[in-house]
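Heads up: the structure comes next, in structure tokens.
The values are calculated or read from the model by the stated rules, or taken from the named source; none is laboratory data. Bear in mind the structure is a predicted one, so any value in this text is a computation, not a measurement. Every residue, glycine among them, receives a Cβ derived from its backbone with ideal geometry; neighbour counts consider all protein chains shown. When the accessible area is computed, the model is the full protein with side chains, heavy atoms only, and any ligands, DNA or RNA have been set aside. Shrake-Rupley method; radii C 1.70, N 1.55, O 1.52, S 1.80 Å.
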Amino acid sequence: MLEETLVRQCAPTLAGLKTGSLFSVAAPSDRELYQWLKSLNRRLGPKGLRLLPVRRRGERVLLYLYRGELLRRDLEDQSACRMLEGLGYPCPRAGQCVARMVRRVRERPDFPHEVGLFLGYPPEDVRGFMERRDCKLVGCWKVYGDEQKAQETFRRYRQCTAAYCQRWRGGASLEQLAQDENG
């Protein structure tokens, strides 16, 4: 069940189309969760993927699946880096930025809006959301910038998710679904 949720919620990240995904799963015990995370990281790590627990609330845990190379590339964007540095992130050091993001999610009562930068959202859209501007489009995220590009991205994500769910139901393993880091 946990792997099926990962496929359903993270197909574009597994496919290498998206930097990262956040998703929530039921996790009855820490021991069971960490065994699952250890196993998945062992299996998906060679594909350039990493899965981390972000926050636990009761019997649910919020997880972050991401591609380190894509995140490093995203954090090289000057606009993204300036935004994160303004919030105390050690940009562009991706690993340290992820650790800081996890701490902020755990410590804050509200959800930090900069998380969109860790999911591959365009910096212009993250900034627009943070500034509470009127958006042009709502899809996988709120769009404040290039509406046409966002619509194409949303379409690609939907197609990828449908195809990956079908392949999963057909017996494909996570290792088969996860694209290698270099394509």
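A few remarks follow.
- Of all residues making up region 141-173, the number that are part of a helix (DSSP H, G or I) and either of a type in the set (D, E, K, R) or at pLDDT below 95 (or both): 8
- Close contacts from region 119-133, counting a first residue that is over 16 Å from Phe154 (Cα atoms) and free of Cβ contacts under 8 Å to residues at least 40 places away in the same chain and a second that is assigned to a loop (DSSP other than H, G, I, E, B) and open to solvent by 30 Å² or more (accessible area, probe 1.4 Å), with Cβ to Cβ under 9 Å and a gap of 6+ residues or different chains, come to Gly128/Asp134; Gly128/Cys135; Gly128/Lys136; Phe129/Tyr121; Phe129/Cys135.
- Met101 satisfies every condition listed in (1) surrounded by 15 or more Cβ atoms within 10 Å (Cβ to Cβ); (2) at pLDDT below 95 except (2).
- Selection of region 107-140 for residues being open to solvent by 20 Å² or more (accessible area, probe 1.4 Å) and either among the hydroxyl-bearing types (Ser, Thr, Tyr) or in contact with a Gly (Cβ under 6 Å, 6 or more places away or on another chain) (or both) yields Tyr121, Pro122, Glu124.
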